[in-house]
1. How big is chain B by Rg and Dmax over its Cα atoms, in Å?
2. Taking square-rooted eigenvalues a ≥ b ≥ c of the alpha carbon gyration tensor, is region A:166-308 rounded, prolate or oblate, where a/c under 1.5 means rounded and, failing that, a/b exceeding b/c means prolate?
3. Rounded to the nearest 5, what % of DSSP beta bridges with both residues in the protein assembly as shown are antiparallel?
4. Please check: in the Gaussian network model of chain A (C-alpha springs, under 10 Å), which one of A:Ile379, A:Ile232, A:Ile189 has the largest mean-square fluctuation.
5. Once you have a ≥ b ≥ c as the square roots of the Cα gyration tensor eigenvalues for region B:1-113, tell me rounded if a/c is under 1.5, and otherwise prolate or oblate according to whether a/b is larger than b/c.
6. Would you mind checking which residues have amide H under 5 Å from A:Ala213's amide H? H placed 1.01 Å from N; only 5 or more apart, or other chain.
7. Rounded to the nearest 10 degrees, what's the angle between the helix A:301-339 long axis and the longest principal axis of chain A, both from Cα atoms, 0 to 90?
8. For region A:3-156, what's the relative contact order in percent, using C-alpha pairs closer than 8 Å and at least 6 residues apart?
Amino acid sequence: MLDIVLMGLNHKTAPVTLRECLAFSEDETSVALKVFQESPAITEAMLISTCNRVEVLMATRDTSNAADTVKVFFSEFKNLPVSEFEKSLYIHEGDNAVRHVFRVASSLDSMVVGEPQILGQIKTAYQIAISKKTSGVLLNKLLHRTFFVAKRVRSETGIGDHAVSISYAAVELGRKIFGTFEGKKVLLIGAGEMAELAVEHLIRNRAGDILVANRTFKNGVALARRFKGQAIRFEEITGFLEHVDIIISSTGSPDYVVTRDQVKGIIRRRRNRPLFFIDIAVPRDIDPGINRLTNSYVYDIDDLKGIVDENMEDRNREAIKGERIVDEAVISFRHWFESLDVIPTIVELRNKMEDIAKGEIKKTLQTLKHLSNDDHEAIGRMTNAMIKKILHDPTLLLKSNGHHQNKSVYLDATRKLFKLDE
Amino acid sequence: MEIFIFIVIIFYLLSTIGYFAYLFLQKDVFQQTGFYLLVAGFCCHTAAIGFRFIQSGHFPVNNLHEVLSIVGWTIAGVFLVFQYRFQLKVLGVYAAPLVSIVMVIAAKFPNAPHQMNNILNNLWLVVHVVAVFIGEASFALACGVGLLYLLQEHAIKSKKHGFFFRRLPSLELLDTTGYACILTGFAMLTFGLIAGFVYAKAVWGRFWSWDPKEIWSGITWLLYAALLHQRLTVGWRGRRAAIMAIIGFAIILFTFLGVNFLLQGHHGEFTKL
């Protein structure tokens, strides 16, 4: 009997240096699948490789043999002795393997719980397996179930709600102030990865003009070009405060770049339109006293970190609901899996035939009133014999071992042909 | 009649429960249920008032019971319009209980038919009362929106993102909704007061008679006029506008209740027990 087996390592069991060594590109994945396909121990296979995990999902008749095949392949392909990574490997079989796949796709097993990329990565891995024809009935069914479960977890729990990165948390906060960013002007002071990321988020959310102020005007111009914005001189900041709505600051300045007095004078001229300062610099660029001014809001990096931590806790709480959905799905998958067994399928098939025959005999006999009881029995015997003869060859084929490579294909086809699952 | 008001109150109370369930559980279905229950209540309420109108032959503002009933009716109606226009779902948490409370209080007062008073049979009076009440209902909503604004702004300023932060909409939406409420309220109040003057001229032969209610209504009008003026000229918005909306509504409450019970005047006639 085929079993579903998952083997691999992830961010919890292996350090990044090891994960780097074992990572597979898409082309390498194809090569690996080809090797697995040729192995007699592995019937179906799929390889998932992301920056946080390398996992092989397979259907096999012989778990230990299949595992060894994969280990040896990893070792040869990546030039790494098996002992280097063997300790980090985990092997899940049956229900546990199914649960693991569901959890990974639902982002319950991710480093950042609820991050959305993993589902896409699994879809890509599955596409490769399909194109290399290494996925069969079991993996196809499992993966389709997986996508369904992942979607359910995402839509029914708050696992993907609320930002868990500093720059995105700032954007979410801005939305609570402005509602929409349409037409809102953004001023970026200085430069830096997080600050630039926040600007990109804002642009994606349809923010208006982007202004860039940098101590070195040339750098400012370069950055402004990237955002299709406009560079201004550092000394001009005060003047522009009147026109912008969101200020993101990330400079190396030891003193405040924007002070309370600077802003205070400008509020009236802005007709009290709200001002939102995002201070990503350490030491801080924005005078925290500005937060006490009317319609002005200042968030520094610690404030944003606090929000991220809170959101993270929220996600972890939501993950518990996700686990419940996964558990349900594992049980329903097991039902399908067990139904693939030969005997129940044959029994169900015969029952279905007999039900049909019984119904038809009853209908026919109603119109043939002249027949005696003996005649009735003879007709019954004849239909039973017909059913037996008709089902003889299919039963033999399903029961036989070794004649065909993958029994589950036939079982699945039989169940579908005769609609046994309804 | 009594049973009619009873059904209306039940609808409003159920709607309140719906909105509170929405506040705590954040499921949109509760908000929709609350909204439709309020619509149902409002329809019954309209029928009840219309029935009363036909039965007695004059606009039902004859005693405190009827006046409060009209107050609840206008708040419910104005809220439904604003909800439809601005999609400020969470405001129902303020409006539905407010309407329920007003109606429960109304039901407490006896609804004995008052002696027929001919001065109530005048179109200008109906316009006066309805316009003023719609205006005041709008101000009541502006006060609610102002409260929500202050809650949300406090959450953002203090950086403590608790229960309300996630449940309340953006400051911008709260501010524009509050502004729209005050604009509507002011327009209706102005219109209602003018109708009142015309009516006063017809009945008593003078526009203005220094009745305490008239004085306080004038004060209310001036306050909101000042608020709107400041917004248009120097951009009074956000926190200050929210606080003013709350103060303004406090004065309206005083004008409505305090003047009736503490001071004397010809408006007292209508709110007799």
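Values in this text are rule-based calculations from the coordinates and carry no lab data. This one's a predicted model, so the numbers in the text were calculated from it and none came from an experiment. Cβ atoms come from the backbone with ideal geometry, glycine included; neighbour counts cover every protein chain shown.
1. 19.0, 60
2. Details: a/c = 1.16, a/b = 1.08, b/c = 1.08.
Rounded.
3. Antiparallel bridges make up about 45 percent of those DSSP assigns within the protein assembly as shown.
4. Looking only at A:Ile379, A:Ile232, A:Ile189, the biggest GNM fluctuation is shown by A:Ile379.
5. Values: a/c = 2.45, a/b = 2.07, b/c = 1.18.
Prolate, because a/c is 1.5 or more and a/b exceeds b/c.
6. It is A:Leu188, A:Ile189, A:Gly190, A:Ile232, by chain and number.
7. Result, in degrees: 10.
8. On the way: 223 pairs, mean separation 46.4, N = 154.
For region A:3-156, the relative contact order is 30 percent.
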